[in-house]
Each structure stands twice: as structure tokens, then as C-alpha cells.
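This report refers to the structure that appears directly beneath it.
The values are calculated or read from the model by the stated rules, or taken from the named source; none is laboratory data. Since the structure is predicted, the reported quantities are computational estimates derived from the model, not experimental observations. Glycine gets a Cβ as well: all are built from the backbone with ideal geometry, and neighbour counts include every protein chain shown. The protein model used for the area step is the full one, side chains on, heavy atoms only, and it has no ligands, DNA or RNA in it. Shrake-Rupley method; radii C 1.70, N 1.55, O 1.52, S 1.80 Å.
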Amino acid sequence: MRITLMWEARAAQGRGPELLEWARERSRVLAYEPVRREVFRAPQDRVLVLTWWEAETFDAELPELPEPDAELITRPVHRWRFEAVE
């Protein structure tokens, strides 16, 4: 089964580039390598990281990006887990 983890955060005012670099770095040093990884940015200094994993179950323990320091973001990180449907 292929699971996609979604991590999305909104940077504090003027800190979008810093949050983007923070997310890029953290996504490169996960406990082990995902099948695929992509990092996106959007208006209002939002950053999105998607990682794809092979897993036995939907709720398998998988490496996830941590929460950034509170000063770097405007709200808690949003996280969702998806299962690929063919």
C-alpha cells in the first residue's frame, strides 16, 4: 500500500523563505527515505511537503516532519494522511 503524508504550514509575516528552507532541510533528514518527496510553496507564505511511503497499513508508523518553532508559523501545522487509489 502506498501512503502519502501531507504537511502544510503558514509562515509568520515575512518568514516564508525561512519556513521553506526549514521544511526542505527537515524533509531531507527523515529517519529513512520516502519513495518520493515534493516541496511546494503557495501565496500567503504557505509551505506544503508531500512524502510517499510503502506501508503495510494506513496507520503505519512513518517519519513525519516536526512542528517548527512557534515564532516561524502563524498556526499549528496541518497534517493529513492519504491512501493512493488506482
Got a sec? Charge dipole of the stretch 1-68, +1 on Cβ for Lys and Arg, -1 for Asp and Glu; which of Trp52, Val39, Leu5 is way out at the positive end?
Val39
Probe 1.4 Å, accessible area per residue of the chain, Å²
65 Å²
Computed lengthening from Arg36 to Arg79, 0.36 nm per intervening residue step minus Cα-Cα distance
13.8 nm
When averaged across all projection directions, what area in nm² does the alpha-carbon convex hull of the chain cover?
5.7 nm²
Given the whole protein assembly as supplied and a 1.4 Å probe, what does the accessible area of Arg26 come to in Å², nearest 10?
90 Å²
Peptides ranked, highest mean first, by Cβ atoms within 10 Å: ranges 70-76, 17-23:
17-23, 70-76
Mean Cα-pair separation over length for the chain, i.e. relative contact order, pairs under 8 Å, 6 or more apart, %
50 percent
Can you give the charge dipole size of the chain about its Cα centre, rounded to the nearest 20 debye, using +1 on the beta carbon of Lys and Arg and -1 on the beta carbon of Asp and Glu?
360 debye
